[in-house]
Amino acid sequence: MREVSLTVGALACLALLPSKGEARSRRPELSEYYWQSRTGKEPKALYFTSPDVAEKSEKKEEVSNNNGIQNKPIEKHVLQTSSQKIWFDQDNMTGDWWGLRHRLAQRGVVFSGHYFQDTAGNPAGGKTKAVRYAHEIAVGVDIDFRKLLQYNIGILHFLVTQRSGLGLNTVLPALNSVQEIYGTGQTVRLTRLSLEHQFTNYVDTELGWVNTENDFAQSTTHWNFSIYCQFQSNAICGMPQSLAFNSGYGYYPSAHPGAYIKLYPTGRDDILVSFGVYNVDNTIGNSHNGWKMWLHNTVGTYFPVQLGWKHGGTDVEGAYPGNIRIGGYWETTKVKTAIQKITMFAPAGTQYLNWPDQSIKGRYGVWFEGDQMIERDRHSPERGVVAFGSFVWGDAQTAPFPYFATWGLIRKGTFTNRPNDTLSIGGKFMVVNSSIAHYARYLRSVGQNVPVPTFEHGFEINYGWRPSPWLLVRPGLQYIWRPGGTKQYPNATVLDFETSLIF
């Protein structure tokens with residue numbers, strides 16, 4: 001009850017301070033309509049090209065019309081080709097609903113939705129060769145009360161997700177899922193129900209059922225999509241994954257009662273100071289808790305803080321843009337020491353002699369994230385290269401993976417006629433707590449057949465083909481060193497194929 005009171009009291013304090021225009025989604029490339037509702041930008045300028053490029057394209061179309069092209073006789077096959085082109089060029093697969101969608105957006109009601117599938121198989125390495133399919137369907141709405149009611153109450157966010165399928169990581173095995181949308185209870189789930197409000201240009205807040213991943217240690221955006229989620233491995237996509245292993249960090253698509261306050265000292269988004277408070281519930285990811293909105297089973301409260309610095313120009317002009325973020329957390333949960341995570345690596349039937357049954361009140365950790373554009377094509381500024389890296393350190397007494405890092409390079413604009421496709425190369429380094437290894441060696445010394453955990457590292461390369469603003473097809477390859485964190489199974493090669501549709 002003390003933890004429940006602490007969480008409720010902290011939420012109430014932040015509620016007295018009913019966000020800046022940044023996309024808060026695990027996959028901004030799958031929810032650009034939320035971004036559009038926050039920024040007011042036109043979709044074509046948002047998704048693929050800069051406003052300058054979009055403006056030049058519109059002028060070019062006007063010139064073509066003035067040259068009389070539209071007055072030529074249009075044959076049937078030409079009309080069909082034109083219709084197909086219009087369908088592929090529109091911002092979502094279902095279109096504007098005969099103008100209704102646009103009218104609703106003008107009134108502040110913006111609908112969004114996506115389908116996302118991830119199929120993965122390991123033709124070589126690992127414990128078992130298998131192929132697994134998983135998908136996610138999401139439907140949401142954002143309501144801007146300033147536009148709808150002419151009262152600046154804030155923006156109401158509502159998002160529901162449904163996940164189905166199987167995870168390759170469960171049979172490979174792998175510590176991180178190789179399919180970014182597998183996990184957190186394959187069920188229909190409330191993912192977001194919150195009210196967001198901005199006070200002037202200096203203070204932003206949000207309160208409701210949210211996930212920490214939207215606002216702390218989250219991916220930054222370049223070219224208006226998440227740079228982390230250009231990768232299929234869940235080790236990279238969304239946020240540095242060891243945070244979820246080491247603490248009560250609430251990750252997508254689970255929704256925890258929580259709130260944050262973001263301060264912008266300069267009135268712009270170049271400097272950020274943010275604080276948050278989130279409920280910790282270890283059962284929230286269970287399939288039967290998809291719509292859990294109460295506080296029983298609360299075990300603690302998660303308090304993150306983050307400092308951010310954004311520098312440079314935009315992705316298409318000015319100095320090369322970049323971001324640096326450092327953060328940390330303190331959590332009040334009483335947890336077992338890390339050594340007891342030996343159960344993640346030991347086979348069934350293991351006898352845990354001299355079982356270390358200690359518990360510790362509170363856990364903590366820090367993180368660093370950085371990204372920098374390192375190249376922009378001179379004659380095609382919507383093309384470029386961004387590099388990023390992250391590092392997480394967790395308290396050695398409680399964190400099963402106290403050292404974790406990710407890195408990557410993303411090239412947008414591949415071939416001459418493919419300005420919106422991406423080529424992504426990246427990887428992860430995941431180190432198992434040495435105390436777990438020490439205990440495993442002890443069990444081996446007394447006759448138990450327990451593998452000694454050390455690390456699990458990964459590499460990924462993929463190609464993102466974007467034939468339309470609403471369609472993404474992404475084949476990829478992953479290579480995993482020591483799958484499962486031990487030498488028990490050979491290194492694994494994973495072939496991955498993703499598809500996403502924006503409704």
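The values are calculated or read from the model by the stated rules, or taken from the named source; none is laboratory data. Since we're looking at a predicted model, the values are computed, not measured. Cβ: placed from backbone, ideal geometry, glycine included. Neighbour counts: every protein chain shown. Accessible surface is based on the protein model in full, side chains and every heavy atom, while ligands, DNA and RNA are left aside. Shrake-Rupley method; radii C 1.70, N 1.55, O 1.52, S 1.80 Å.
Worth a mention:
- Test: residue in segment 204-217 that is in a strand (DSSP E or B) and aromatic (Phe, Trp, Tyr): yes
- Scanning segment 174-222 for residues that are modelled with pLDDT of 95 or more and on the phi > 0 side of the Ramachandran plot yields Gly208, Ala217.
- Qualifying position, being more than 17 Å from the chain's Cα centre (by Cα) and either under 25 Å from Thr486 (Cβ atoms) or open to solvent by less than 40 Å² (accessible area, probe 1.4 Å) (or both), among Val203, Val178, Val160: Val203
- Scanning segment 122-145 for residues that are surrounded by 20 or more Cβ atoms within 10 Å (Cβ to Cβ), closer than 15 Å to Val178 by Cα and among the aliphatic types (A, V, I, L, M) returns a single hit, Ala134.
To keep it simple, each residue is scored yes or no on (1) more than 21 Å from Asn176 (Cβ to Cβ); (2) touching a strand residue (DSSP E or B) at 6+ places or on another chain (Cβ under 8 Å); (3) open to solvent by 40 Å² or more (accessible area, probe 1.4 Å).
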site: Gly413; (1), (2), (3): yes, yes, no
site: Asn417; (1), (2), (3): yes, no, yes
site: Leu423; (1), (2), (3): yes, yes, yes
site: Lys428; (1), (2), (3): no, yes, no
site: Val432; (1), (2), (3): no, yes, no
site: Tyr439; (1), (2), (3): yes, no, no
site: Ser445; (1), (2), (3): yes, no, yes
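- Selection of segment 351-409 for residues being under 22 Å from Gly322 (Cβ atoms), part of a loop (DSSP other than H, G, I, E, B) and at pLDDT 95 or above yields Asp377, Ser380, Pro381, Glu382, Arg383.
- When residues of segment 220-237 are limited to those that are part of a helix (DSSP H, G or I) and under 9 Å from the mean Cα position of the chain (by Cα), the one surrounded by the most Cβ atoms within 10 Å (Cβ to Cβ): Tyr228
For (1) part of a strand (DSSP E or B); (2) surrounded by fewer than 18 Cβ atoms within 10 Å (Cβ to Cβ); (3) hydroxyl-bearing (Ser, Thr, Tyr); (4) in contact with a helix residue (DSSP H, G or I) (Cβ under 8 Å, 6 or more places away or on another chain), each residue gets a yes or a no:
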| position | (1), (2), (3), (4) |
| --- | --- |
| Tyr260 | yes, no, yes, yes |
| Thr266 | no, yes, yes, no |
| Val273 | yes, yes, no, no |
| Asn279 | yes, no, no, yes |
| Thr283 | no, yes, yes, yes |
| His288 | no, yes, no, no |
| Trp291 | no, yes, no, no |
| Tyr302 | yes, no, yes, yes |
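- Condition check for Asp215: under 27 Å from Trp407 (Cβ atoms), open to solvent by 10 Å² or more (accessible area, probe 1.4 Å) and of a type in the set (Asp, Glu): no
- Taking residues in segment 312-329 that are closer than 13 Å to Ile374 by Cα and open to solvent by less than 10 Å² (accessible area, probe 1.4 Å), and partners anywhere that are assigned to a strand (DSSP E or B) and among the basic types (Lys, Arg), not one pair has Cβ atoms closer than 6 Å while being at least 6 places apart or on different chains.
- The lone exception for Pro240 - which of (1) at negative phi; (2) open to solvent by 10 Å² or more (accessible area, probe 1.4 Å) it fails: (2)
- On inspection, Pro381 qualifies as open to solvent by 10 Å² or more (accessible area, probe 1.4 Å) and out of contact with any strand residue (DSSP E or B) (no Cβ under 9 Å at 6 or more places or on another chain).
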